[in-house]
């Protein structure tokens with residue numbers, strides 16, 4: 001399964017590449033929202049992991065652009081911020097589990113990531129799809 005990882009922290013990208021690769025996934029990493037959108041214009045991953053706090057962009061702009069480019073793509077938002085804050089902000093912007101957006105707070109374990117990926121893939125993207 002092809003997974004897109006979008007995070008500005010090299011260490012996070014490296015760890016996610018290793019963990020996901022070990023689980024048998026093909027991983028593409030991008031260090032910015034612009035790079036991710038460019039890659040998405042040519043590819044069709046099964047799932048995206050996106051850092052909520054990318055530099056040089058407002059928190060929700062990358063998520064909104066990815067959702068617009070790939071409406072059915074399940075997205076797992078990864079964030080080092082307080083989970084309650086992120087969940088409230090995501091919900092206010094219409095980015096909910098019902099719309100195929102899931103939240104995972106940093107730091108997380110490989111098992112937590114695997115469990116959420118399985119749930120996201122089982123449910124898929126937005127409920128209307």
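Any read-out appearing in this document is the output of simple, stated calculations on the displayed coordinates, not a laboratory observation. Since the structure is predicted, the reported quantities are computational estimates derived from the model, not experimental observations. Note that each Cβ is placed from the backbone with ideal geometry, even for glycine, and that neighbours are counted across all protein chains shown.
Before moving on, here are some points about what is shown:
- Extension gain, residue 43 back to residue 97 (0.36 nm per residue minus Cα-Cα distance, nm): 17.1 nm
- Estimated FRET transfer efficiency (residue 1, residue 69; beta-carbon r; R0 22 Å; 0.05): 0.70
- Estimated at 0.36 nm per residue, the fully extended path between residue 26 and residue 115 surpasses their Cα-Cα distance by 30.3 nm.
- Residue 123 versus residue 108: modelled label distance in nm, points set 7 Å from Cα along the beta carbon direction: 1.2
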